[in-house]
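The values are calculated or read from the model by the stated rules, or taken from the named source; none is laboratory data. Just so we're clear, the structure is a prediction, and the values are computed from it rather than from any experiment. Note that each Cβ is placed from the backbone with ideal geometry, even for glycine, and that neighbours are counted across all protein chains shown.
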Amino acid sequence: MTAAKSRSSANGAGSADDDLTNRRRKEITLGACAVFDERGYANTRIADISAHLGIGQGTIYRYFTGKEDLMDSIIGYGIRRMLAAMREDPAVRADSAGSAAQFREQITAVAHRLLDMAATEQILVRVLLSQAPAARPEAIDELTDQLSATTASYLAEGVQNGYLRAELDTSMIADAMSGIAVPAMRRVLRGQLDADGRAATARTIGELITVGINA
């Protein structure tokens, strides 16, 4: 690879070296996530992660300073995945609802996507909810704050468009949704909600959040 190819291009695209670094960091992050899930954060050594991935410990230390750094990477990746799940469908964008009924459908869809993520990415979600606080006690607060901020953007749009009450405390309602969604995700992880159960729970969350906030 030439030096020119390894540097960022003139149009701002990342270099091949950057892409390789990001891929390797993601591989190690997900590998560490699997080991933390299996062994628990406190009982995991870098040697366990390197054995799981089939790479040397030096390779891990090339990208991360240690277990805490790895957990930080998992938390950041997990939050990005959850936020992406909430926004994935154009039907649930913050500016897509035009009525209170559509807003209820929007919130229901957001909740459904979070519960489905808990079902399809169980290791990641389980580590976020159970192992991350062992490394960083504030991890759950960071997660719920991000979920609440995204939900609050939907609520603010509803207030602005006039189909939600003008005096609505959007932050409080957004916190309430996060307070409902996180325990529901735990139920998914425990195998208590199948596909039908996730759909029913999402509808319930949509109804609970929207009752009393219509204009």
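In table form, for the structure just shown:
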read-out	value
Search result, residues across segment 60-81 that are touching a residue at least 24 places away in the same chain (Cβ under 8 Å) and exposed (fewer than 13 other Cβ atoms within 10 Å of the Cβ)	Glu68
Residue match in segment 125-136 (condition: in a helix (DSSP H, G or I), of a type outside the set (A, V, I, L, M, F, W, C) and more than 30 Å from Ala42 (Cα to Cα))	no
Filtered residues of segment 162-189 (kept if surrounded by 15 or more Cβ atoms within 10 Å (Cβ to Cβ) and of a type in the set (S, T, N, Q))	Thr170, Ser178
Inter-residue pairs, beta-carbon under 9 Å, first farther than 13 Å from Leu70 by Cα and modelled with pLDDT of 95 or more and in segment 30-46, second assigned to a loop (DSSP other than H, G, I, E, B) and not aromatic (Phe, Trp, Tyr), 6+ apart	Glu38/Thr44; Arg39/Arg45
Condition check for Asp69: touching a Lys or Arg at 6+ places or on another chain (Cβ under 7 Å), at pLDDT 95 or above and either assigned to a helix (DSSP H, G or I) or among the β-branched types (Val, Ile, Thr) (or both)	no
Qualifying residue in segment 157-165 (condition: assigned to a helix (DSSP H, G or I), more than 25 Å from Gly76 (Cα to Cα) and in contact with a strand residue (DSSP E or B) (Cβ under 9 Å, 6 or more places away or on another chain))	yes
